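The values are calculated or read from the model by the stated rules, or taken from the named source; none is laboratory data. The model shown is predicted, which means the values in this text are computed figures rather than measured ones. Cβ sites come from the backbone with ideal geometry, for glycine too, and all protein chains shown count toward neighbours.
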């Protein structure tokens with residue numbers, strides 16, 4: 001495929017998928033009878049080190065929710081993705097290589113996928129706002145593929161994994177700082193079938 005064909009195809013896919021990728025405000029559900037679902041405790045991040053040291057991106061992420069058959073098995077895809085048991089993996093600047101913390105997150109997600117062997121997941125590659133749209137679409141694709149390759153090496157069937165790049169189009173954090181950009185350089189996991 002030529003460069004322009006890829007760009008047009010990527011733009012069409014991104015535009016057509018944009019309705020699926022928008023996050024909806026959670027709806028209040030009526031109380032259900034039975035035992036209360038398990039809720040993972042969120043440990044607050046430690047205060048910054050004296051001297052203004054920056055926090056790591058991983059410290060800003062809540063822990064993945066506790067999984068039980070009852071709490072996960074009966075939930076809709078929207079509910080699963082709203083409070084996902086799959087955590088995003090973050091990348092260094094201008095890189096599609098998973099570092100140690102990224103590999104640890106992906107390994108944890110693999111454990112979840114092994115427990116729920118029927119789930120199909122789309123791995124979304126995201127970038128920060130810097131760089132051209134074309135560059136970020138290509139970098140987002142490399143990030144999504146790097147995560148897929150690592151997950152396959154850990155035993156997940158490639159048939160259960162899809163990839164898509166959104167480049168810089170759907171930032172997690174709308175800010176224009178190093179912290180915001182660090183949150184936006186990620187592979188995000190969406191459960192697309194169960």
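Please specify each residue of the stretch 176-194 satisfying the condition of being touching a helix residue (DSSP H, G or I) at 6+ places or on another chain (Cβ under 8 Å) and either without any contact (Cβ under 8 Å) to a residue 12 or more places away in the chain or under 16 Å from residue 116 (Cβ atoms) (or both).
189, 190, 191, 192, 193, 194, listed by residue number.
State which residue is farthest from residue 93 (Cα to Cα) when the search covers only the stretch 134-173 and only residues that are out of contact with any strand residue (DSSP E or B) (no Cβ under 6 Å at 6 or more places or on another chain), free of Cβ contacts under 8 Å to residues at least 40 places away in the same chain and in a helix (DSSP H, G or I).
Restricting to residues being out of contact with any strand residue (DSSP E or B) (no Cβ under 6 Å at 6 or more places or on another chain), free of Cβ contacts under 8 Å to residues at least 40 places away in the same chain and in a helix (DSSP H, G or I), the top hit is 159.
Which of (1) surrounded by fewer than 17 Cβ atoms within 10 Å (Cβ to Cβ); (2) modelled with pLDDT of 95 or more is the odd one out, the single condition residue 110 does not satisfy?
Of (1) surrounded by fewer than 17 Cβ atoms within 10 Å (Cβ to Cβ); (2) modelled with pLDDT of 95 or more, only one is false for residue 110: (1).
If I filter the stretch 118-133 down to residues being touching a residue at least 12 places away in the same chain (Cβ under 8 Å), at negative phi and over 13 Å from the mean Cα position of the chain (by Cα), which single residue comes out as surrounded by the fewest Cβ atoms within 10 Å (Cβ to Cβ)?
From the stretch 118-133, those touching a residue at least 12 places away in the same chain (Cβ under 8 Å) are 118-131, 133; that's our starting set.
Filter once more, keeping what is at negative phi: 118-130, 133.
This time we only want the ones that are over 13 Å from the mean Cα position of the chain (by Cα), so: 118-120, 128-130, 133.
Working: 118: 8, 119: 21, 120: 15, 128: 24, 129: 15, 130: 14, 133: 15.
Residue satisfying both the conditions and the ranking: 118.
Determine which member of the set 139, 161 is out of contact with any helix residue (DSSP H, G or I) (no Cβ under 8 Å at 6 or more places or on another chain), surrounded by 15 or more Cβ atoms within 10 Å (Cβ to Cβ) and modelled with pLDDT of 95 or more.
Details: 161 fails: out of contact with any helix residue (DSSP H, G or I) (no Cβ under 8 Å at 6 or more places or on another chain).
The match here is 139.
Being modelled with pLDDT under 95, surrounded by 13 or more Cβ atoms within 10 Å (Cβ to Cβ) and assigned to a loop (DSSP other than H, G, I, E, B) narrows it down to one of 86, 80, 67, so name that one. Show your work before the answer.
Details: 86 fails: modelled with pLDDT under 95; 80 fails: assigned to a loop (DSSP other than H, G, I, E, B).
Sole residue among the options that is modelled with pLDDT under 95, surrounded by 13 or more Cβ atoms within 10 Å (Cβ to Cβ) and assigned to a loop (DSSP other than H, G, I, E, B): 67.
Exactly one condition in (1) touching a helix residue (DSSP H, G or I) at 6+ places or on another chain (Cβ under 7 Å); (2) surrounded by 15 or more Cβ atoms within 10 Å (Cβ to Cβ); (3) under 16 Å from residue 186 (Cα atoms) is not met by residue 146; state its number.
Only one criterion is unmet by residue 146, namely (1).
Condition (residue is farther than 19 Å from residue 167 by Cα and either part of a helix (DSSP H, G or I) or modelled with pLDDT of 95 or more (or both)) applied to the stretch 93-100: is it met by at least one residue? Full working, then the answer.
Step one: of the stretch 93-100, the residues farther than 19 Å from residue 167 by Cα are 99-100.
Adding the requirement that they be either part of a helix (DSSP H, G or I) or modelled with pLDDT of 95 or more (or both) leaves 99-100.
Looking for residues that are farther than 19 Å from residue 167 by Cα and either part of a helix (DSSP H, G or I) or modelled with pLDDT of 95 or more (or both), one finds at least one in the stretch 93-100, hence yes.
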